[in-house]
Amino acid sequence: MQKRVGKRIKEIRVEKNISQQELADLCGIEPSNMSRLEAGRANATLATIEIVSKNLGIEPIELFRF
């Protein structure tokens, strides 16, 4: 599941033409953590899902539409 959510984060980020560094900065997350999140090597908390989705300009449920 975490790999699929990470892939969705990356897909949406790329669609919106936002770099990984920019998204990490917007979210207050270390770039290395954002990289692990997108790669599915980190398990996102609900709080992280909320922060990332807000900064991508989407509803959190969009990260679970595979």
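Place +1 on the Cβ of every Lys and Arg and -1 on the Cβ of every Asp and Glu in the chain, take the dipole about the Cα centre, and give the residue among GLN2, MET34, ASN55 whose Cα lies farthest towards its positive end.
GLN2
Tell me the per residue accessible area of the chain using a 1.4 Å probe; a whole number in Å² is fine.
For the chain, the solvent-accessible area averages 65 Å² per residue.
For a test of the definition: using alpha carbon positions, the gyration tensor, and the 1.5 limit on a/c, classify the chain as rounded, prolate or oblate.
rounded
Rounded to the nearest percent, how much of the accessible area of the chain (1.4 Å probe, protein heavy atoms only) is carbon and sulfur?
The value for the chain is 50 percent carbon and sulfur by accessible area.
The values are calculated or read from the model by the stated rules, or taken from the named source; none is laboratory data. In this text, all values refer to a predicted model and were calculated from it rather than measured experimentally. When we count neighbours, we look across all protein chains shown, and the Cβ atoms used for this are built from the backbone with ideal geometry, even at glycine. All accessible areas refer to the heavy atoms of the entire protein, side chains included, with ligands and DNA or RNA removed. Shrake-Rupley method; radii C 1.70, N 1.55, O 1.52, S 1.80 Å.
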